[in-house]
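Here the structure is laid out as structure tokens; the discussion comes afterwards.
The values are calculated or read from the model by the stated rules, or taken from the named source; none is laboratory data. Since the model is a prediction, treat every value here as computed from it, not as a measurement. Cβ placement follows ideal geometry from the backbone for every residue including glycine, while neighbour counts extend to all protein chains displayed.
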Amino acid sequence: MFAVIKTGGKQYRVNAEDVLTIEKLDGEAGATLEFAEVLAIGEGADATFGAPFVKGALVKAEVVEQTRGKKVIAFKKRRRQNSKRSRGHRQHHTVIKITDIIAG
């Protein structure tokens with residue numbers, strides 16, 4: 001059974017036991033998270049789609065670790081002006097493992 005959840009402004013298609021990296025959520029490693037914003041749930045022809053969310057559907061996950069993404073360099077240069085600026089950024093991420101999908 002799969003579910004489509006919404007978190008961090010993005011949508012993810014998940015199955016039980018999936019491990020995925022999402023935008024940072026609060027919680028230490030081992031903490032349990034629940035996603036109530038389930039957009040679709042089911043299997044094949046039995047899929048249920050919400051408008052916008054499926055009532056009673058819930059996806060439970062466990063926090064594996066808090067981490068950071070790769071460094072992204074933002075480099076600006078103005079030609080012939082002897083002007084340049086370099087900035088780096090590392091996004092915070094949470095790695096989660098889907099433990100259970102509950103249909104409503």
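Of all residues in segment 1-59, those satisfying the criterion of being closer than 16 Å to Gly104 by Cα, in a strand (DSSP E or B) and of a type in the set (A, V, I, L, M) are Ala3, Val4, Ile5, Val38, Leu39, Ala40, Ile41, Leu58, Val59. Return yes or no: is Gln81 modelled with pLDDT of 95 or more, loosely packed, with under 10 Cβ neighbours inside 10 Å and either assigned to a loop (DSSP other than H, G, I, E, B) or in contact with a strand residue (DSSP E or B) (Cβ under 7 Å, 6 or more places away or on another chain) (or both)? So Gln81 passes the test. Annotation note: Cβ proximity below 6 Å between a residue of segment 59-72 that is without any contact (Cβ under 8 Å) to a residue 12 or more places away in the chain and a residue that is part of a strand (DSSP E or B) and hydrophobic (A, V, I, L, M, F, W, C) (sequence gap 6+ or interchain) occurs for no pair. Just to be sure before I move on: is Val95 over 17 Å from Met1 (Cα atoms) and either part of a strand (DSSP E or B) or in contact with a Leu (Cβ under 7 Å, 6 or more places away or on another chain) (or both) in the structure I sent? Yes: the conditions hold for Val95. Could you tell me which of the residues Gly44, Gly30 is of a type outside the set (D, E, K, R), loosely packed, with under 12 Cβ neighbours inside 10 Å and within 20 Å of His92 (Cα to Cα)? Answer to the selection: Gly30.
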